Amino acid sequence: MGNMYMQLFGFEFNIEPVKIKGLPLYITAGRSFFRLSYLDNDFILVKLSPDEKFGVVALEKQAVQISSKAESHVAFGFESISRSQRDSLMNRNIPFISDSGQLYLPFLGMMLSDKFVQKKNRTAFSKMMPITQAVFLYLVYKCNDKMVMKKNVADDLGVTRTSVTRASEQLLTLDLISQDIRGKEYYMSVKFKGLEMYEKAKPYLINPIQKRITVIKDDIYNSYPLSGESALAKATMLNMPMIPDYAAYKSDISISDSSLVDTRWEPSLEAVNLELWKYNPKLFAKNGIVDPISLALCFENNADERIESSIEEYLEGYKW
């Protein structure tokens, strides 16, 4: 593992040691961490010690933790593995590389063994990741008929190129986008437009709201886009609610307990409802209100016919 490069299917992957912050000691102890990269593809390789007694369930959980901290795909490196260990890893879709020549990297479409794995299909994903949905919305609202470079998407969204690559893989699997390689740059484009794109993606889209809170009214909230019934009221004929609804990115705002209120017990206080989103609502807001797709998703499972009618009106009247 000391080489500068690793050959995988004839491609030279650059390999460099990395430190991943925030991981517990039981995951890092006795292990080595490397980042392997080739053009726009990279992943984290976790080299296990030869005497480590690993279990497939534990590795599955650890892969999720490491991937979350590193914002990258993760594969485990083994000195050697048995046939049953290899099959267990593959059955749980855990990427790995062994010094004996076994290799399973489904996110790169690479596999070496005497057993073949079916190509991923859209049923492999139940819902989009927040970053995938952010990239999806970017392409819906900004792309139109144009091809856009992944690095430009990453810059505009304020995320890493690795995050955009992971998101694009999911969108490709869901058959929502096309991808083209020009030189060393990757370009993306949408397969459908506007409302049709939303309808195609709808089964996989997530509610952007992570948490709803009610806080004491402050002028700072006027800088956030309206959401909920307030946004619908501004865009349609729906009546404006008594307490306004705003949306904010969860990482951009810090709320003290003293700011939280319960209007049922303190009805005289001026308050606002604040939605803390999984991605930044300002990225796609227009005219002071959140984007129509995200807004529709905020009312997921809402049985109010008045709301449902207003959502349909907003989506159909929006200039895509």
For the range 130-204: relative contact order, % (alpha-carbon pairs under 8 angstrom, 6 or more apart): 36 percent
Residues whose placed amide H lies under 5 Å from that of Gln210, excluding near-sequence neighbours: Leu276, Trp277, Lys278
Of Lys150/Lys200; Lys142/Lys200; Lys146/Lys319; Lys151/Lys200; Lys69/Lys217, those spanning more than 29 Å from alpha-carbon to alpha-carbon: Lys69/Lys217
Between Asn144 and Val57, the FRET efficiency computed from the C-beta separation at R0 = 51 Å comes out, to the nearest 0.05, as 0.65
Lys and Arg at +1, Asp and Glu at -1: neighbours of Tyr318 with Cβ under 10 Å from its Cβ sum to -1
If R0 = 41 Å, then Glu316 and Thr160, at their Cβ-Cβ distance, give a FRET efficiency to the nearest 0.05 of 0.70
Using only alpha carbon pairs under 8 Å that are at least six residues apart, calculate the relative contact order of the chain and give it in whole percent. 12 percent
When N counts the residues of the range 209-317, how does its alpha-carbon radius of gyration compare numerically with 2.2 N^0.38 Å, as a ratio? 1.04
FRET efficiency, 1/(1 + (r/R0)^6) with R0 22 Å, evaluated for Ile216 and Ser67 via beta carbons: 0.05
Sum of -39500 (n - 2.57) over DSSP H runs of 4+, divided by residues of the chain (222 nm, nearest 500): -8500 deg cm²/dmol
At 7 Å along the Cα-to-beta-carbon direction for both Lys286 and Tyr38, put a label point, then send me their distance in nm to one decimal. 4.1 nm
Ratio of Rg to Rh for the chain, alpha carbon only, Kirkwood? 1.04
Ratio of alpha-carbon Rg to the 2.2 N^0.38 Å globular estimate for the range 130-204, to two decimals, please. 0.99
Highest to lowest packing among 132-141, 198-207, scored as the average C-beta count within 10 Å: 132-141, 198-207
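Dipole of the chain, Cα-centred, from +1 at each Lys and Arg C-beta and -1 at each Asp and Glu C-beta, to the nearest 20 debye?
Rounded to the nearest 20 debye, it is 960 debye.
Every number here is computed from the coordinates shown, using simple stated rules; none is lab data. Just so we're clear, the structure is a prediction, and the values are computed from it rather than from any experiment. Heads up, the Cβs are rebuilt from the backbone with ideal geometry, glycines too, and the neighbour counts pull from every protein chain shown.
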